[in-house]
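**Student:** Here it is, the structure, as structure tokens.
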Amino acid sequence: MVKLNKIYTRTGDGGDTHLVGGSRTSKADLRVTAFGDVDETNSALGLAICAIEDDGLKTAMLRVQNDLFDLGADLANPGQDATDEPAPLRMTAEQATWLEAQIDQYNDDLSALRSFVLPGGEEASARLHLARAICRRAERKAVALAQGGPVNIHALIYLNRLSDFLFVAARWCNLKGAGDVLWVPGGDR
């Protein structure tokens, strides 16, 4: 249970922060950058939700926002799961499987792509594309973090599936793909 009575603590004024488990690290540490990019993805997604008109898609995106908090907690915990009591909050295979089901559901309404899609079109679509691009950055940071130490593989898989879901949802919000803005290679030459 999270309880915040005081928002500022002054403990980070020197440029470091707490991780799950109590250890401290620099705010420039790759782990902090990774979960910071997840937080930025969540914030961009919150902005996108404001423009989504479909209640089903809004509900799905709200679930994703909750999952992103789980993901941030997972990345913020460098500890070893086998010895931790209680067990740390970790992403699961089921969370990515749920995203795959969402991708399939929304993609069923879309025609096949014959070009890359430019981020734009309807407002909800443009906002979802922004969240997708930030999610891809979060994934790159999490992968870099995993190259230097332990990271839950399900966290990496979730980020990869989420960017796919955000892409499909953006196309779906673009009048089910009919309003996509397509890339025309060399079109302005």
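**Student:** If I filter the range 162-175 for residues that are hydroxyl-bearing (Ser, Thr, Tyr), closer than 17 Å to SER43 by Cα, surrounded by 14 or more Cβ atoms within 10 Å (Cβ to Cβ) and within 14 Å of the chain's Cα centre (by Cα), do I get at least one hit?
**Tutor:** yes
**Student:** Being closer than 12 Å to ALA169 by Cα, under 18 Å from the mean Cα position of the chain (by Cα) and not in a loop (DSSP other than H, G, I, E, B), is that true of even one residue in the range 61-83?
**Tutor:** Yes.
**Student:** Collect the residues in the range 107-165 that are in contact with a helix residue (DSSP H, G or I) (Cβ under 8 Å, 6 or more places away or on another chain) and assigned to a strand (DSSP E or B), keeping them in residue-number order.
**Tutor:** Of everything in the range 107-165, just one residue is in contact with a helix residue (DSSP H, G or I) (Cβ under 8 Å, 6 or more places away or on another chain) and assigned to a strand (DSSP E or B), namely VAL117.
**Student:** A further question on this structure: Give just the number: which of (1) at pLDDT below 95; (2) under 17 Å from SER163 (Cβ atoms) does LEU45 not satisfy?
**Tutor:** Only one criterion in (1) at pLDDT below 95; (2) under 17 Å from SER163 (Cβ atoms) is unmet by LEU45, namely (1).
**Student:** Here's another thing I want to ask about it. Among the candidates ARG127, ARG114, ARG132, ARG137, single out the residue that is exposed (fewer than 15 other Cβ atoms within 10 Å of the Cβ) and among the basic types (Lys, Arg).
**Tutor:** Going through ARG127, ARG114, ARG132, ARG137 in turn, the sole match is ARG114.
**Student:** Against the conditions (1) in contact (Cβ under 8 Å) with a residue 12 or more places away in the chain; (2) under 28 Å from PHE35 (Cα atoms); (3) out of contact with any Pro (no Cβ under 7 Å at 6 or more places or on another chain), where does GLN147 fall short? Just the number, please.
**Tutor:** Result: GLN147 fails condition (1) only.
The values are calculated or read from the model by the stated rules, or taken from the named source; none is laboratory data. Quick caveat, the model's predicted, so the values are computed rather than measured. Positions of Cβ are generated from backbone atoms using ideal geometry, with glycine treated the same way; all protein chains shown enter the neighbour counts.
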